[in-house]
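Below is one structure, written out as structure tokens, with a few remarks after it.
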Amino acid sequence: MTTGAFPPAAMPSFETGARQGRLRQYQLQLIERIQAARSGALAARKELGVMLGGRSCLLDLTQLGEIVIATGVQIQGVPLAQDWYLGLAAMRGRLTAIVDLARYMGEPACAAGHHCRIITFSPRLGLNCALLVERVLGLRQLRALQAMPLPEAPPGAPPPWAAQALRDSDGQQWLRLDLAQLAQSERFLDAGFGGLAAHKDIG
């Protein structure tokens, strides 16, 4: 299987440096806040908003590692893997499994673009894995969101890693995901075609 990549978008050179600078600054701010959340320094609990298959989702900061710009990341495909398992990428000298979580959830696949990010799991989850997301939407404060009933997912109840449905003051709906639960899902751990019929925890 050939090696995949997210090619850099063509931009005038005078814009590239400024845009990369802003992206890097934003990424560093998110990393600092993730580290603060781990140490308990945030007074009010916040979570990271991401876009997955057109759906707004929230990720627990304590379950996240790094946020990496997907452009230029080389992903080596794995034969006989599920379509949501994109393959392996070398990140900080380690081979990391890259998953298109939108596709795993039954949503449209993440389209390559300069907004895409790769978010690694926290080492404490015990799984060397990262998620491809369409874009990062910034931090959201949980206490400002209102709980909603979880929508049922065919053919039954939503999986345990789809932890909570929430709505903000603008009426925007959010699906809160529990990556620790996802990391223990049999279907998620079995990316080969052989496990498709046995595991059906699609959200």
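The values are calculated or read from the model by the stated rules, or taken from the named source; none is laboratory data. Given the structure is predicted, the values throughout are model-derived calculations rather than measurements. Neighbour counts run over all protein chains shown; Cβ positions are idealised from the backbone, glycine included. For the accessible areas, the whole protein counts, side chains as well, though only heavy atoms, and no ligand, DNA or RNA atoms are used. Shrake-Rupley method; radii C 1.70, N 1.55, O 1.52, S 1.80 Å.
Here are G87, G4: which of them is modelled with pLDDT under 65 and either under 25 Å from A163 (Cβ atoms) or assigned to a strand (DSSP E or B) (or both)?
The unique qualifying residue is G4.
Counting only residues that are among the hydrophobic types (A, V, I, L, M, F, W, C), surrounded by fewer than 19 Cβ atoms within 10 Å (Cβ to Cβ) and within 20 Å of A191 (Cα to Cα), how many does the range 49-83 have?
Count: 3.
Quick one: L179 ticks every box in (1) over 15 Å from E47 (Cβ atoms); (2) open to solvent by less than 10 Å² (accessible area, probe 1.4 Å) except a single one, so which number is it?
Only one criterion is unmet by L179, namely (1).
Considering only residues that are more than 25 Å from Y85 (Cα to Cα) and aliphatic (A, V, I, L, M), look in the range 118-161 and name the one that is modelled with the lowest pLDDT.
The selected residue is L150.
List every residue pair whose Cβ atoms sit under 7 Å apart, with the two residues 6 or more apart in sequence or on different chains, where the first one lies in the range 180-203 and is closer than 21 Å to N128 by Cβ and the second, anywhere, is acidic (D, E) and modelled with pLDDT of 50 or more.
Sorted first by the residue in the range 180-203, then by its partner, the pairs are H199/E186; H199/D190.
Of the residues that sit in the range 90-112 and are assigned to a loop (DSSP other than H, G, I, E, B) and open to solvent by less than 30 Å² (accessible area, probe 1.4 Å), which one is farthest from M51 (Cα to Cα)?
The extreme case among them is M105.
Considering G192, G126, which residue is on the phi > 0 side of the Ramachandran plot, out of contact with any Lys or Arg (no Cβ under 6 Å at 6 or more places or on another chain), loosely packed, with under 13 Cβ neighbours inside 10 Å and small (G, A, S)?
G126
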